[in-house]
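For reference, the structure discussed in these notes is given below.
The values are calculated or read from the model by the stated rules, or taken from the named source; none is laboratory data. These numbers were taken from a predicted model, which means no experiment stands behind them. So basically every Cβ, Gly included, is an ideal-geometry build from the backbone, and we count neighbours across all protein chains shown. Keep in mind that these areas ignore ligands, DNA and RNA; they rest on the heavy atoms of the full protein, side chains included. Shrake-Rupley method; radii C 1.70, N 1.55, O 1.52, S 1.80 Å.
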Amino acid sequence: MTTHAEPTAVGDHDDHQVGHSEAGVDQAHLGEKAADWVDGRLGIYGLAKANLRKIFPDHWSFMLGEICLYSFIIIILTGVYLTLFFTPSMGEVVYHGSYTPLNGIRMSEAYKSTLDISFDVRGGLLIRQIHHWAAIVFVAAMLVHMMRVFFTGAFRKPREINWLFGFLLLFLGMFDGFMGYSLPDDLLSGTGIRFMEGAILSMPIVGTYIAMFLYGGQFPGNDIIPRFYTIHVLLIPGIMLGLLVAHLILVFYHKHTQFAGPGRTEKNVIGMPLMPVYMAKAGGFFFLVFGVIAMVSAIASVNPIWAYGPYRPDQVSTDAQPDWYMGFSEGLIRIMPGWEIRAFGHTLVLGVFIPLMIFGLVMIVIAAYPFLEGWITGDKREHHILDRPRNAPMRTAFGVAWIAEYGILLVAGGNDLFATHFNLSINTITWACRILFFVGPVIAFTITKRWCIGLQRRDRDKVLHGRETGTIKRLPHGEFIEVHEQLSPEALHTITAHEQFQPMELPAEVDENGVKRKVSLLTKTRARLSQSYFGEAAQIPKPTPEEHAEITSGHGHH
Ligand code: HEM
Ligand code: HEM
């Protein structure tokens, strides 16, 4: 791929030398010497020269990946501060500290140290809040970033592997957030760990062993907090850091995708140079993200563990809620009927096992989607120009159906809160969510697909008849007409740049000799899926240049 010259002019470096004092020149020499010294050892000049002027296309949605990056950095910075004061131990102590309502209460050292961080360590509560808020923003940003990539088709060849890296980051991020949430050993986090134990135990054959090894014996035991601690602060962030670097290297290596527009092709990138324009923007954006998270953390309390009290296995608080990103798995459990099968002296708790399997399945489908779509389309070419979501109605509808399902499960996960806040019956909410679990995504899918096709039709109309201006004119013979304004060549290009795939045809039932052909079920499924992706019901034909010329040459009616 070649890169285009960037539209911004950048001043010549030599300009700065004019009018320097002797000392200034010496300093410049010193700087040069230092640069030479470093370059002689690291050879970074060539690397920097090759990459610092790299072109980065601009679109607001490309900032979502940056929000992920910055919130992750904030998490690490604040996490390191927390490790200085947090004691990952289940050792029992009696509290005598600044938070008097808990004085004289037995608790674990983990809980006590989190209370100390909140009330006695300078800036401790703010840092805790920032760590927690940054985690909430981090996972939210990853999800929205993933949707940007999904709905624009940015995951297509050659970026499938990078999608996989991203997916792993999302999965590990969610998991690490859950572990962090569990560390303070308060009543809420203890309930979360209990929930996890239940899910593990529901697995046939291996469940009891995994639970025993993980918890070091009977629940809750004394090992789980120190183990989670090591996993939370070292293992998972370490893996994530590696994946993140690989993710960004791949973004660099593939170059960024861009939306269709005049002059933009599959073989170029149009945008701003990394240095100085993009770096300046990115640096400023980092402080903006940090500032917003710090402000929210300063004014909105999250996880006030002193209000919940220390964990006791025989107690549970009402309104117990996980962080939002775990809410959908909670919802899966809450809407599932409590089915159980007893056979051969064993109990299979389907009420927990089925939601666990659905959770796993959803994760697998997310990870595999680029490969699935690649298989359906059979498209082996590289794609660097993004799709407009309307031009891929099946994919868009599938994504929206998924979001609808996610939203329904979030409501189901908070059924107790909805019941108390809106004065509703919890059973009604649960039943509504059970029905919506099956019906909701279908409705969302159907509406979105029709919507996309409607938008495609509008695009076709716009190309052929221009934009409706709303200006009504009366012709000399009395007829009223609305004035249509032709689109600019740029706008025309943008809405007609997409290509339209031909769906895969099913091979003929009989071959040329009249012998019946065997068509495997897989081929049939693939052809059917391909038809639904690119058949007549999913694509409004683009106007041909001839149609456009005919209608705009003055013979057409407006
Ligand atoms: C720690 C989490 C993540 C970080 C820091 C991150 C960072 C970034 C950045 C900075 C970019 C370039 C700018 C942009 O397109 O927004 C990018 C692109 C990309 N990300 Fe992520 N990302 C993360 C998670 C994910 C996830 C969860 C997915 C999908 C499952 C994903 C898939 C991709 C893909 C396919 C691209 C290339 C897009 C293109 O060139 O248009 N990333 N990522
Ligand atoms: C993806 C990465 C991470 C996420 C999503 C995450 C999330 C969380 C969350 C939600 C909590 C509970 C905070 C609370 O008490 O309200 C927590 C606690 C904690 N995290 Fe992290 N964390 C991450 C990485 C790290 C790293 C890299 C470190 C250290 C180097 C760290 C250190 C800690 C410590 C010490 C606690 C316990 C103290 C406390 O709860 O206040 N975390 N984490």
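The table that follows gives values for the structure above.
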read-out: Hits in region 40-67 - residues which are open to solvent by 50 Å² or more (accessible area, probe 1.4 Å) and without any contact (Cβ under 8 Å) to a residue 24 or more places away in the chain; value: G40, R41, L42, I44, Y45, L47, K49, A50, W60
read-out: Residue match in region 398-407 (condition: surrounded by fewer than 19 Cβ atoms within 10 Å (Cβ to Cβ) and over 23 Å from G166 (Cα atoms)); value: no
read-out: Restricting region 31-72 to residues that are within 13 Å of ligand 1 (Cβ to nearest atom) and of a type in the set (S, T, Y), the residue that is farthest from P273 (Cα to Cα); value: S71
read-out: Criterion: over 30 Å from V519 (Cα atoms), modelled with pLDDT of 95 or more and β-branched (V, I, T) - qualifying residue of I481, I453; value: I453
read-out: In region 153-166, residue farthest from the chain's Cα centre (by Cα) [restricted to those that are within 7 Å of ligand 1 (Cβ to nearest atom) and not in a helix (DSSP H, G or I)]; value: R159
read-out: Residues that are part of a loop (DSSP other than H, G, I, E, B) and closer than 14 Å to A307 by Cβ, drawn from region 87-136; value: Y99, I105
read-out: Filter result for L187 (closer than 22 Å to P304 by Cα and away from ligand 1 (no atom under 11 Å from the Cβ)); value: yes
read-out: Any hit, region 157-165, residues being among the aromatic types (F, W, Y), away from ligand 2 (no atom under 16 Å from the Cβ) and at pLDDT 95 or above; value: yes
read-out: Spans of helices (runs of 4 or more DSSP H) in region 220-339 with at least 3 residues out of contact with any Phe, Trp or Tyr (no Cβ under 9 Å at 6 or more places or on another chain) and open to solvent by 70 Å² or more (accessible area, probe 1.4 Å); value: 236-254, 279-299
read-out: Those residues of region 246-277 which are within 15 Å of ligand 1 (Cβ to nearest atom) and among the small types (G, A, S), in sequence order; value: A246, A260, G261, G271
read-out: Checklist (1) open to solvent by 50 Å² or more (accessible area, probe 1.4 Å); (2) closer than 30 Å to V269 by Cα; (3) in a helix (DSSP H, G or I) applied to R395, failing item; value: (1)
read-out: Top-ranked residue of region 504-526 - restricted to ones that are over 30 Å from the mean Cα position of the chain (by Cα) and assigned to a helix (DSSP H, G or I), ranked as surrounded by the fewest Cβ atoms within 10 Å (Cβ to Cβ); value: L521
read-out: Test: residue in region 301-309 that is touching a His at 6+ places or on another chain (Cβ under 6 Å), touching a residue at least 40 places away in the same chain (Cβ under 8 Å), among the hydrophobic types (A, V, I, L, M, F, W, C) and within 16 Å of ligand 2 (Cβ to nearest atom); value: yes
read-out: Count of residues meeting criterion [near ligand 2 (Cβ under 9 Å from one of its atoms), assigned to a helix (DSSP H, G or I) and touching a strand residue (DSSP E or B) at 6+ places or on another chain (Cβ under 8 Å)] in region 168-204; value: 0
read-out: From R457, R434, residue being of a type in the set (K, R) and more than 29 Å from F195 (Cα to Cα); value: R457
read-out: Number of the condition not met by R159 [criteria: (1) open to solvent by 50 Å² or more (accessible area, probe 1.4 Å); (2) within 25 Å of G242 (Cβ to Cβ); (3) of a type in the set (K, R)]; value: (1)
read-out: Qualifying residue in region 422-433 (condition: open to solvent by 30 Å² or more (accessible area, probe 1.4 Å) and touching a residue at least 24 places away in the same chain (Cβ under 8 Å)); value: no
read-out: Unmet requirement for I130, which otherwise passes all of (1) of a type in the set (A, V, I, L, M); (2) within 16 Å of ligand 1 (Cβ to nearest atom); (3) surrounded by 18 or more Cβ atoms within 10 Å (Cβ to Cβ); value: (2)
read-out: Yes/no for F437 being touching a residue at least 60 places away in the same chain (Cβ under 8 Å) and under 30 Å from R526 (Cβ atoms); value: yes
read-out: Count of residues meeting criterion [open to solvent by less than 60 Å² (accessible area, probe 1.4 Å), more than 16 Å from ligand 1 (Cβ to nearest atom) and under 17 Å from P226 (Cβ atoms)] in region 73-111; value: 13
read-out: Neighbours by Cβ (under 6 Å, 6+ apart or cross-chain): first from region 342-363, in a loop (DSSP other than H, G, I, E, B); second open to solvent by less than 40 Å² (accessible area, probe 1.4 Å); value: V349/S202
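Table: residues versus (1) among the hydrophobic types (A, V, I, L, M, F, W, C); (2) out of contact with any helix residue (DSSP H, G or I) (no Cβ under 9 Å at 6 or more places or on another chain); (3) at pLDDT 95 or above.
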{"site": "L409", "(1), (2), (3)": "yes, no, yes"}
{"site": "R434", "(1), (2), (3)": "no, no, yes"}
{"site": "T448", "(1), (2), (3)": "no, no, yes"}
{"site": "L475", "(1), (2), (3)": "yes, yes, no"}
